[in-house]
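Okay, structure first, notes after.
The values are calculated or read from the model by the stated rules, or taken from the named source; none is laboratory data. The structure displayed is predicted, hence computed values, not measured ones. Every residue, glycine as well, gets a Cβ built from its backbone with ideal geometry; the counts of neighbours run over all protein chains shown.
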Amino acid sequence: MRSLRKFSRPQQICLKIEVRTNDIDATFETDVCCALSRCGKTVDIDSQGPTTVQNVFCPEHGFLTSFPHRAALGEFIRTSANKILAMNGQLLIEEGAAFLVGSEQPKPQSIH
């Protein structure tokens with residue numbers, strides 16, 4: 001008797017990433033926006049810290065998706081931004097690059 005694998009459809013992530021480059025200090029700024037019905041509103045990230053679930057909410061549509069921790073959210077944003085940057089022939093965001101979420105202040109060791 002053969003066992004059948006369960007097929008699950010990947011969760012659709014209704015987020016739009018916008019990315020801007022700052023050539024002066026070699027940084028990138030990204031915005032994460034709601035992509036439902038072309039909403040475009042900046043989303044809110046609700047979490048209890050970097051190792052907890054990161055819930056993403058639209059001010060208009062409510063809950064959109066979640067990520068298991070801040071590193072997963074950051075990697076999603078980085079890879080999405082890199083797709084946009086690559087299409088425009090621009091420098092890509094390096095794997096492991098430091099990132100800030102919202103109004104977070106940089107750690108002293110991450111300031112160059």
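Couple of notes before you dig in:
- Residue that is touching a Phe, Trp or Tyr at 6+ places or on another chain (Cβ under 6 Å) and not acidic (Asp, Glu), where the choices are Phe67, Phe28, Phe57: Phe57
- Restricting region 54-68 to residues that are surrounded by 15 or more Cβ atoms within 10 Å (Cβ to Cβ) and of a type in the set (A, V, I, L, M, F, W, C), the residue that is farthest from Gly40 (Cα to Cα) is Phe67.
- Against the criterion of being modelled with pLDDT under 95 and either more than 11 Å from the chain's Cα centre (by Cα) or surrounded by 16 or more Cβ atoms within 10 Å (Cβ to Cβ) (or both), Ile93 qualifies.
- For region 37-93, a residue qualifies if it is assigned to a strand (DSSP E or B) and of a type in the set (Gly, Ala, Ser), and the qualifying residues are Gly62, Ser66.
- Residue check for Leu36: farther than 20 Å from Gln12 by Cβ and surrounded by 13 or more Cβ atoms within 10 Å (Cβ to Cβ): no
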